[in-house]
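The values are calculated or read from the model by the stated rules, or taken from the named source; none is laboratory data. The structure displayed is predicted, hence computed values, not measured ones. When we count neighbours, we look across all protein chains shown, and the Cβ atoms used for this are built from the backbone with ideal geometry, even at glycine. Side chains included, ligands, DNA and RNA excluded: accessible areas come from the protein's heavy atoms. Shrake-Rupley method; radii C 1.70, N 1.55, O 1.52, S 1.80 Å.
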Amino acid sequence: NAGVTQTPKFQVLKTGQSMTLQCAQDMNHEYMSWYRQDPGMGLRLIHYSVGAGITDQGEVPNGYNVSRSTTEDFPLRLLSAAPSQTSVYFCASSLRDGTSGANVLTFGAGSRLTVL
Amino acid sequence: AQSVTQLGSHVSVSEGALVLLRCNYSSSVPPYLFWYVQYPNQGLQLLLKYTSAATLVKGINGFEAEFKKSETSFHLTKPSAHMSDAAEYFCAVTRSGAGSYQLTFGKGTKLSVIP
């Protein structure tokens, strides 16, 4: 299994440009999410999806769009990049633990984005 | 609402010494709690989880954590630090049961191991 695959690993954008961070999982997980990681801030939830066709906002959704047309894919779109969006982005997926119902995340390797 | 506080953004220990990373949580309902580890330039991987079974939870690489409801704590320990334990550690909380998908993470503690 490849697990959770994120592309690209690195990207440099200019202010105002748009781009899409790709995330794909091959584990048939129902839940997928995007986090951003900034120094001293931990991980903050941007958007999440509980299944194909269903998305919702997390803690820091402004400036980002998502869609979930298939179970496998959950792209994150930056419509007009800003320097404040310079960060490391992590995609995660999960399946509920059958006994406890706990949502245990599997993370991708991350995408480092710099906005100039 | 739920939140996590990790005491100490940086912790240094000598190789072979006890590792203690502190995590306190706040949750209005019984929580599930997690510790994740992040090695440099990698994603996060699960170390261990508490899901209301045993309060002392054992994880990978010799780590364990104890859920203490009275202290709202879930501290991570390892009896003897190894150089390979140098990484950043994140505590996370979510609501128990099948109703919540959202994890709230602490700000992380970077562990350095001194030879």
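A few points about this structure:
- Among the residues of the stretch B:25-78, those identified as part of a loop (DSSP other than H, G, I, E, B), closer than 29 Å to A:TYR89 by Cβ and more than 11 Å from the chain's Cα centre (by Cα) are B:TYR39, B:PRO40, B:ASN41, B:GLN42, B:GLY43, B:THR51.
- Scoring B:ALA65 on the criteria (1) touching a residue at least 60 places away in the same chain (Cβ under 8 Å); (2) open to solvent by less than 30 Å² (accessible area, probe 1.4 Å) leaves a single failure, condition (1).
- The stretch A:38-61, residues that are outside any loop (DSSP other than H, G, I, E, B) and open to solvent by less than 40 Å² (accessible area, probe 1.4 Å): A:ASP38, A:GLY42, A:LEU43, A:LEU45, A:ILE46, A:HIS47, A:TYR48, A:SER49, A:GLY51
- The set of residues in the stretch B:85-100 that are free of Cβ contacts under 8 Å to residues at least 12 places away in the same chain and open to solvent by 50 Å² or more (accessible area, probe 1.4 Å) comprises B:ALA98, B:GLY99.
- A single member of A:LEU105, A:LEU95, A:LEU116 is modelled with pLDDT under 95 and open to solvent by 60 Å² or more (accessible area, probe 1.4 Å), and it is A:LEU95.
- Test: A:HIS29 is within 14 Å of chain B (Cβ to nearest Cβ), assigned to a strand (DSSP E or B) and either hydrophobic (A, V, I, L, M, F, W, C) or surrounded by 13 or more Cβ atoms within 10 Å (Cβ to Cβ) (or both): no
- Scanning the stretch A:75-92 for residues that are open to solvent by less than 40 Å² (accessible area, probe 1.4 Å) and either under 20 Å from B:LEU44 (Cα atoms) or polar (S, T, N, Q) (or both) yields A:PRO75, A:LEU76, A:GLN85, A:SER87, A:VAL88, A:TYR89, A:PHE90, A:CYS91, A:ALA92.
- Inside the stretch A:62-74, residues that are open to solvent by less than 20 Å² (accessible area, probe 1.4 Å) and farther than 21 Å from B:GLN42 by Cα make up a count of 2.
- Yes/no for B:ALA53 being open to solvent by 60 Å² or more (accessible area, probe 1.4 Å), at pLDDT below 95, out of contact with any strand residue (DSSP E or B) (no Cβ under 6 Å at 6 or more places or on another chain) and over 24 Å from A:ASP38 (Cα atoms): yes
- Some residue of the stretch A:68-90 being in a strand (DSSP E or B), touching a residue at least 24 places away in the same chain (Cβ under 8 Å) and at the interface with chain B (Cβ under 8 Å from one of its Cβ atoms): yes
- Residues (in contact with a Leu (Cβ under 9 Å, 6 or more places away or on another chain) and among the acidic types (Asp, Glu)) located in the stretch A:1-50: A:GLU30
- Any hit, the stretch B:94-112, residues being touching a Cys at 6+ places or on another chain (Cβ under 7 Å) and more than 8 Å from every other protein chain (Cβ to nearest Cβ): no
- Checking the stretch B:31-41 against the condition returns no match, with no residue being open to solvent by 40 Å² or more (accessible area, probe 1.4 Å), away from chain A (no Cβ under 14 Å) and under 30 Å from A:GLU30 (Cα atoms).
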